[in-house]
Amino acid sequence: MIEIDGLTFQYDGAASPALKDISLSIEDGGFVGVIGHAGAGKTTLAGAISGIIPHSYKGDFYGSVKIDGMDTVDNRLTDISRLVGTVFQDTDSQIISSVVEDELLYGMENFGVPRGEIEERLSFALDEVGIPQLRNRTIASLSGGQRQKVAIASLIALRPKILVLDEPTGELDPGSSRQVFSLLRRLNSEYGMTIIVIEQKIMLLCEFAEKLVVMNRGEIAFSGDVRDVLLHIDELREIGVNCPRVALLSKLLSEKTGRQLPAAVNIDEAERMIKEMIA
Ligand SMILES: Nc1ncnc2c1ncn2[C@@H]1O[C@H](COP(=O)(O)OP(=O)(O)OP(=O)(O)O)[C@@H](O)[C@H]1O
Ligand SMILES: [Mg+2]
């Protein structure tokens, strides 16, 4: 379980805090989407969960972040990263090897994965992400999207309990973005991994995540079940988050009919809702 309590963080040299008095708990096995305008503090929040804040970024840190009861300030980054795997927004800074296979091997060797498990984990991770054919390719020859997939595969091979992904589909086309989210869903439902994903594509979050955290200027503006958060369409728009059109449709239908309809999160639900109304 992740417990964030009264977390305020100000980067050294910054004029104001990037995170202001954040409190949030994330249950084991949750699938949480984080969204918000540029500079809202999403990456900083991800960094605080993965421990790189305050271990790698200096600044004023108040409050606490605990991962399974382990305080991120009092524990070493290497110990935290056994529980929390992070795919950074800038994946290029994360990849250190020059060949795909080596990148996965490096992480596993560092984590002391038993020899007998290495090959199985390696092919499992490449298969799950859909890149077995890239195994012997050089990193330099890959596209941005392929590199993002390599970064994700490297973490899957380590089997962390919690996976934090900072805009993992930033370089991907719509089809590959859905593939990544389907993979996250599988990791979540089949392996019970807790997934925390920062994502600008709200349709994807609404379809795949259970909970949404909406950030605004270093604070949590809304947090809760996707459907409940989507009821705040107007307030969300004011802070730069545009709800999917299906949610807008539910709101308009609620207003027109005087019935409080739950927010639809995908086309199928919207279709069902309209059919019911017509019937
Ligand atoms: N290393 C740093 N040093 C100083 N200030 C920083 C640093 N990194 C981020 N900030 C500032 O902290 C605030 C939050 O940044 P953060 O990167 O967490 O936002 P974000 O929501 O991830 O934005 P984006 O959508 O652009 O990725 C911003 O005002 C940013 O300028
Ligand atoms: Mg960011």
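The values are calculated or read from the model by the stated rules, or taken from the named source; none is laboratory data. Since this is a predicted model, take the numbers as computed values, not measurements. Neighbour counts are summed over all protein chains in view; Cβ atoms, including those assigned to glycine, are modelled from backbone coordinates with ideal geometry. Quick note on the areas: whole protein, heavy atoms, side chains included, nothing else; ligands and nucleic acids left out. Shrake-Rupley method; radii C 1.70, N 1.55, O 1.52, S 1.80 Å.
Below is a table of values for the structure above.
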| item | result |
| --- | --- |
| Positive dipole terminus of segment 185-275, leading residue within Ile220, Ala270, Cys243 (C-beta point charges) | Ala270 |
| Rounded to the nearest 10 Å², the accessible area of Glu119 at probe 1.4 Å | 100 |
| Length-normalised contact order of the chain in % [C-alpha pairs under 8 Å, at least 6 apart] | 22 |
| Largest to smallest accessible area among Phe88, Phe222 [probe 1.4 Å] | Phe88, Phe222 |
| Highest-MSF residue in the chain out of Arg135, Arg159, Arg115 [GNM, Cα springs under 10 Å] | Arg115 |
| Nearest-ten-degree value, helix 144-158 long axis tilted from longest Cα axis of the chain | 70 |
| Packing rank of 259-266, 50-57, where each peptide gets the mean count of other beta carbons within 10 Å, highest leading | 50-57, 259-266 |
| Reference-scaled alpha-carbon Rg (2.2 N^0.38 Å with N residues) for segment 119-232 | 1.14 |
| Relative contact order, percent, segment 55-147 [alpha-carbon distance under 8 Å, six or more residues apart] | 24 |
| Distance cut-off 24 Å, percentage of C-alpha pairs in segment 1-116 lying past it | 32 |
| Per-peptide average of other Cβ atoms within 10 Å, ordering 201-209, 73-81, 35-43 highest first | 201-209, 35-43, 73-81 |
| Val99 - accessible surface, heavy atoms, 1.4 Å probe, Å² rounded to 10 | 30 |
| P(r), alpha carbons of the chain - 10 Å bins starting at zero, rounded % | 6, 27, 33, 22, 9, 2, 0 |
| Greater than 28 Å apart at Cα, pairs in Lys66/Lys251; Lys201/Lys251; Lys42/Lys66 | Lys66/Lys251 |
| With all protein chains modelled, accessible area of Lys251 [1.4 Å, Å²] | 60 |
